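As structure tokens, the structure follows; a few thoughts come after it.
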Amino acid sequence: MKTIKLILPDSTYNLALRHANTEGIDPAHYCSILITECLGHDGKPALQKRPVERRIPRAPIILGGVATLGRKLPDTVEQIFAICRYVWQDHMEYSDAVGKVARDLCVQVTTVRDKCTRRISLPDVHVDTDKFLDLLAHPSALVEHLCRKFQRFSAEINQLFEPISTAKN
């Protein structure tokens, strides 16, 4: 991996900072992901050239008839939750669930895979596909990891995952 210095106008930096905070990641990591998604992989241009944030308005998450604590969860958490539902409840294979979530949200498969790896990595815990599959096999460990990564949203994460993670165990 290489490092570059990127110069942004203040307005662009502030926009990136706002989006990064929404995702619960640092701005440099957010910009890295955004550039990777826009340029594509292996020299092939990305099919979908748009910012990381979806422009489709989303409905609030309702759990048991009650909205979550009024805060929007990061896309990363919502996409991982969707994968968990497909794997734990519908008994899909991980790769099939990733494809289904990508189609459901009109994003690329690489975007969803990124949410399951780099976007949930911690300074002391690098998450690759094998590590994510291990977390996926242990629901309480996955929820604990997500709560550690997205500390501001730990109550919402526990509330969201509780019905499907206890059914899996």
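In region 122-139, which residues are buried (at least 16 other Cβ atoms within 10 Å of the Cβ) and either touching a Phe, Trp or Tyr at 6+ places or on another chain (Cβ under 6 Å) or of a type outside the set (Phe, Trp, Tyr) (or both)?
Within region 122-139, the first condition is being buried (at least 16 other Cβ atoms within 10 Å of the Cβ), and the residues that meet it are 127, 131-132, 135-136, 139.
Those that are buried (at least 16 other Cβ atoms within 10 Å of the Cβ) and either touching a Phe, Trp or Tyr at 6+ places or on another chain (Cβ under 6 Å) or of a type outside the set (Phe, Trp, Tyr) (or both): VAL127, LYS131, LEU135, LEU136, PRO139.
Inside region 145-165, can you point out the residues that are free of Cβ contacts under 8 Å to residues at least 24 places away in the same chain and surrounded by 16 or more Cβ atoms within 10 Å (Cβ to Cβ)?
Matches in region 145-165: CYS147 only.
Tell me which residues, restricted to region 114-141, are assigned to a helix (DSSP H, G or I) and within 18 Å of GLY24 (Cβ to Cβ).
ASP114, LYS115, ARG118, ARG119, ILE120, PHE132, LEU135
Among the numbered conditions (1) within 15 Å of the chain's Cα centre (by Cα); (2) under 17 Å from GLU23 (Cα atoms); (3) without any contact (Cβ under 8 Å) to a residue 24 or more places away in the chain, tell me where THR129 comes up short.
(2)
Run down ALA67, ALA16, ALA82, ALA20 and say which single residue is modelled with pLDDT of 50 or more and either over 23 Å from PHE132 (Cα atoms) or among the basic types (Lys, Arg) (or both).
From the options ALA67, ALA16, ALA82, ALA20, the qualifying one is ALA16.
The values are calculated or read from the model by the stated rules, or taken from the named source; none is laboratory data. Model, not experiment: these values are computed from the prediction. We place every Cβ from the backbone using ideal geometry, glycine too, and count neighbours over all the protein chains shown.
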